[in-house]
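Novice: Before I ask anything, here is the structure I am working with.
The values are calculated or read from the model by the stated rules, or taken from the named source; none is laboratory data. Given the structure is predicted, the values throughout are model-derived calculations rather than measurements. Backbone-built Cβ (ideal geometry, glycine too); neighbour counts: all protein chains shown. When the accessible area is computed, the model is the full protein with side chains, heavy atoms only, and any ligands, DNA or RNA have been set aside. Shrake-Rupley method; radii C 1.70, N 1.55, O 1.52, S 1.80 Å.
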Amino acid sequence: MIIAVDGPAASGKGTIAKALARHYGLPCLDTGLLYRAVGLNVLKNSGDPDREADALTACVFEDALLDDPALRNEAVGSLASRVSVHQAVRNALVQRQRDFATQLGGAILDGRDIATVIAPDANAKLFVTASVHVRAQRRFNDAASQGGHPDMDSLIADIQARDTRDMSRDHAPLRMADGADLLDTSDLTIDAAVQKAIALVDAQLEGRRIG
Ligand code: CDP
């Protein structure tokens, strides 16, 4: 069984995917981390994230990089969004994601193109979203709780820039897949969003839609 969870930055897809993984007892892959690792690696190599050749070189990295806390930085998220526009980068990361998706027993993957490109035959597909303001507020709260001094206006601008780049790129743009259910978490607590996600997935698995 494969469950695909896609959506824009800070929509809650990662939290929902991890909760679904616990609920269904499946392993979960945050595919954004792979693109973040490439983004961070470009920086380490002093490469240019907008040059396809530099971004492709950065696709070769040690697994330990996936545990680097720097991957979570907003700046690395932006770098990830820039390197992920290159087809060569997407190709370099596709097999790793498909291997994870097709492992025995099933898997959950969250990202931007799971239901459209990586696993179009997934048994259940969710597209998780929330308003730009709510998503910026979540980033604000995360940063403030870690002792940071975030600026709301620049968080909104970053999220909008990332949405535009992710949705308008030529290769695997962010969009809701055919057969996916939309889950808007703008007005939902984490618990409520997770309960709704489980109900939607159960319905898709049973062949009855409630979305
Ligand atoms: O956590 P957040 O939603 O902010 O970002 P992420 O899921 O870690 O993804 C970072 C960036 O990687 C996104 O803005 C996308 O441009 C890119 N990405 C992608 O192109 N395809 C994926 N399957 C996952 C991420």
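Novice: Can you go through Ser145, Ser186, Ser168 and tell me which one is more than 18 Å from Thr15 (Cβ to Cβ) and of a type in the set (Ser, Thr, Tyr)? Reasoning before the result, please.
Specialist: Numbers: Ser145 fails: more than 18 Å from Thr15 (Cβ to Cβ); Ser186 fails: more than 18 Å from Thr15 (Cβ to Cβ).
So the residue among Ser145, Ser186, Ser168 that is more than 18 Å from Thr15 (Cβ to Cβ) and of a type in the set (Ser, Thr, Tyr) is Ser168.
Novice: May I ask you to verify whether Asp142 is without any contact (Cβ under 8 Å) to a residue 40 or more places away in the chain, of a type outside the set (Gly, Ala, Ser) and surrounded by fewer than 19 Cβ atoms within 10 Å (Cβ to Cβ)?
Specialist: On the way: without any contact (Cβ under 8 Å) to a residue 40 or more places away in the chain: yes; of a type outside the set (Gly, Ala, Ser): yes; surrounded by fewer than 19 Cβ atoms within 10 Å (Cβ to Cβ): yes.
Yes: the conditions hold for Asp142.
Novice: From (1) touching a Lys or Arg at 6+ places or on another chain (Cβ under 8 Å); (2) open to solvent by less than 60 Å² (accessible area, probe 1.4 Å); (3) farther than 18 Å from Thr15 by Cβ, pick out the condition that doesn't hold for Asp110.
Specialist: Only one criterion in (1) touching a Lys or Arg at 6+ places or on another chain (Cβ under 8 Å); (2) open to solvent by less than 60 Å² (accessible area, probe 1.4 Å); (3) farther than 18 Å from Thr15 by Cβ is unmet by Asp110, namely (3).
Novice: Can you pull out every residue in the range 1-30 that is more than 25 Å from Ala157 (Cβ to Cβ) and within 13 Å of the ligand (Cβ to nearest atom)? Write out each step before concluding.
Specialist: Keep residues of the range 1-30 that are more than 25 Å from Ala157 (Cβ to Cβ), which gives 1-5, 16-29.
Matches in the range 1-30: Ala4, Val5, Ile16, Ala17, Lys18, Cys28, Leu29.
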